[in-house]
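K.L.:
Starting off with a structure, shown below.
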Amino acid sequence: MTERLKPETPDPVDFLAIDDLLTGEERMLRDTVRKFVADKVTPNIAEWFENATFPAELVREMGDLGLLGMHLEGYGCAGTSAVAYGLACTELEAGDSAIRSFTSVQGSLVMYPIWEFGTEEQKQQWLPGMASGEIIGCFGLTEADSGSDPGSMRTSARLDGDEWVLNGTKMWITNGSIADVAIIWAITEGDIRGFIVPTDTPGFSANKIEQKISLRASVTSELVLEDVRIPHDAVLPNVTGLKGPLSCLNEARFGILFGAVGAARSCYESALTYAKDREQFGKPIAAFQLTQRKLVEMMIGVNTGMLLALHLGRKRDEGSLSAEQVSYGKLTNVRMALDVAREARSVLGASGITLEYPAIRHMNNLESVYTYEGTNEIHTLILGQAITGIAAFS
Ligand code: TGC
Ligand code: FAD
């Protein structure tokens, strides 16, 4: 312990110098995505949010940047590390949770099951077009009466000659009304199976859910399947049971635990800048102890959230990450991000209720992120089961 401490004050945002823990390649990718968000998302996101518009024109660009299915190998996918995928999610969600959501659904919930559980023909047919952004996918697991408990789903699939016939309704489906293809999870004789359903198949329809106050720049839909007939080889052959969709959720939850840090960082940066500029009682509001406490709590949240994400990402890259540890990250970082967003909103005062600043938009978005991909309560119970050995879901 003879080394002296560094005399420089740490960076106000990357206070723990977590950047130093990234490789040059990881920093380069992160900076590329950060620039994409700064150029294409940030200038327009308030308008998209206000008008409830998803920027479909960005999908091809995300494909060109290699962001779609980026952690998968082959079939036109970039084949990056898990950490690189996570860092991209952080930057995309700093722009808006809707943009990260799109990427999660496309890569982790639609491309991943085809890549992991599909035949070679299915991979060749769907993955390259999805990686480039020509084909958009959605993931139908949740139903109106089966949210946290997807095992109670009622959507059914039965074999009729050499065709599957699907019936049922899926609810709250991201990308539903803009998707070219849907992964539909349905009950067959006794077990849950996954099906690749082109959305122009007769009997398939999607209804956009209106009047959302959260994730307004993302499309969320109800999917209706009425005697939808698809070929017998449209089933994902290499998985049966709930572990099929739950394996996909592990992938997407991993992206979220990184993504939430981006939303939190955006809120913190905005509050910090504002607090240094805004004067009341003759001095910047950043000079008040109560404001400094808020800023410090936000900074700690962002930095510890990033450290946690990076730790879990490194574990994933070395093959030692468990699903329960993903739950730990999703629960902790989304809760942190929501706290940071609410605190940032308060620092911004009245200005904080407008879309001129990002805090209230992130705050509203994060209410969805808190609920989807396993609610805060479900992840608490997953952790409870992990430490006690007792399942308390029902
Ligand atoms: P349980 O009996 O515990 O397990 C059934 C089978 O699944 C296996 N399993 C897993 N496999 C892989 N990964 C995991 N994380 C797994 N968890 C469990 C398990 O081993 C078992 O396998 P087997 O071979 O014995 O059959 O299942 P359960 O019915 O008691 O439910 C457990 C529970 C509650 C944790 C699970 O159902 C759950 O996670 N519920 C939350 C549902 C959820 O997260 N839905 C998300 C829908 S998609 C979405 O929200 C997209 S948002 C997209 C965006 O815009 O970003
Ligand atoms: P419920 O399961 O009804 O839960 C309501 C409340 O009860 C929650 O607080 C919950 O934590 C609590 N609760 C439930 N069970 C328990 C328990 N055992 N113990 C204690 N508390 C419990 N789904 C998809 O399949 N694909 C998608 O693309 C998709 N995108 C989405 C996009 C958005 C914007 C939103 C909001 C949702 C999306 N979902 C999607 C659905 C999402 O996964 C579900 O909303 C989520 O799983 C929770 O289900 P639920 O809303 O039915 O709530």
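K.L.:
Out of all the residues in the range 148-165, which are free of Cβ contacts under 8 Å to residues at least 40 places away in the same chain and either under 19 Å from the mean Cα position of the chain (by Cα) or within 16 Å of ligand 1 (Cβ to nearest atom) (or both)?
P.N.:
Answer for the range 148-165, where residues must be free of Cβ contacts under 8 Å to residues at least 40 places away in the same chain and either under 19 Å from the mean Cα position of the chain (by Cα) or within 16 Å of ligand 1 (Cβ to nearest atom) (or both): 152, 153, 154.
K.L.:
Here's a follow-up. For the range 200-228: of the residues being out of contact with any helix residue (DSSP H, G or I) (no Cβ under 8 Å at 6 or more places or on another chain) and in a strand (DSSP E or B), which is farthest from residue 57 (Cα to Cα)?
P.N.:
227
K.L.:
How do the pairs read when you match residues in the range 126-139 that are within 19 Å of residue 98 (Cα to Cα) with residues anywhere that are of a type in the set (Lys, Arg), using Cβ under 6 Å and keeping only pairs 6 or more apart or on different chains?
P.N.:
133/60
K.L.:
Turning to a different aspect of this structure: What's the number of the condition residue 239 fails, among (1) of a type outside the set (S, T, N, Q); (2) over 24 Å from the mean Cα position of the chain (by Cα); (3) within 24 Å of residue 107 (Cα to Cα)?
P.N.:
Among (1) of a type outside the set (S, T, N, Q); (2) over 24 Å from the mean Cα position of the chain (by Cα); (3) within 24 Å of residue 107 (Cα to Cα), the lone unmet condition for residue 239 is (2).
K.L.:
Moving to a separate point now. Can you find a residue that is more than 16 Å from ligand 2 (Cβ to nearest atom), at pLDDT below 95, in a loop (DSSP other than H, G, I, E, B) and small (Gly, Ala, Ser) anywhere in the range 232-252?
P.N.:
Among the residues of the range 232-252, not one is more than 16 Å from ligand 2 (Cβ to nearest atom), at pLDDT below 95, in a loop (DSSP other than H, G, I, E, B) and small (Gly, Ala, Ser), which makes the answer no.
K.L.:
Hey, among the residues in the range 219-249 that are buried (at least 21 other Cβ atoms within 10 Å of the Cβ) and farther than 27 Å from residue 161 by Cα, which one's farthest from ligand 1 (Cβ to nearest atom)?
P.N.:
Here the answer is 221.
K.L.:
Next question. Would you tally the residues in the range 1-54 being over 21 Å from residue 259 (Cβ atoms) and part of a loop (DSSP other than H, G, I, E, B)?
P.N.:
In the first step, residues of the range 1-54 are kept if they are over 21 Å from residue 259 (Cβ atoms); the result is 1-12, 17, 20, 24, 47, 50-51.
Okay, now just the ones that are also part of a loop (DSSP other than H, G, I, E, B), so 1-12, 17.
Residues in the range 1-54 being over 21 Å from residue 259 (Cβ atoms) and part of a loop (DSSP other than H, G, I, E, B): 13 in total.
K.L.:
Taking residue 288, is it more than 30 Å from residue 163 (Cβ to Cβ) and either more than 13 Å from ligand 2 (Cβ to nearest atom) or surrounded by 21 or more Cβ atoms within 10 Å (Cβ to Cβ) (or both)? Don't jump to the end; show me each part of the working.
P.N.:
Numbers: more than 30 Å from residue 163 (Cβ to Cβ): yes; either more than 13 Å from ligand 2 (Cβ to nearest atom) or surrounded by 21 or more Cβ atoms within 10 Å (Cβ to Cβ) (or both): yes.
Yes, satisfied.
The values are calculated or read from the model by the stated rules, or taken from the named source; none is laboratory data. Fair warning: this is a prediction, and the values are worked out from it, not measured in the lab. Ideal geometry is used to build each Cβ from the backbone, glycine not excepted, and the neighbour counts take in all protein chains shown.
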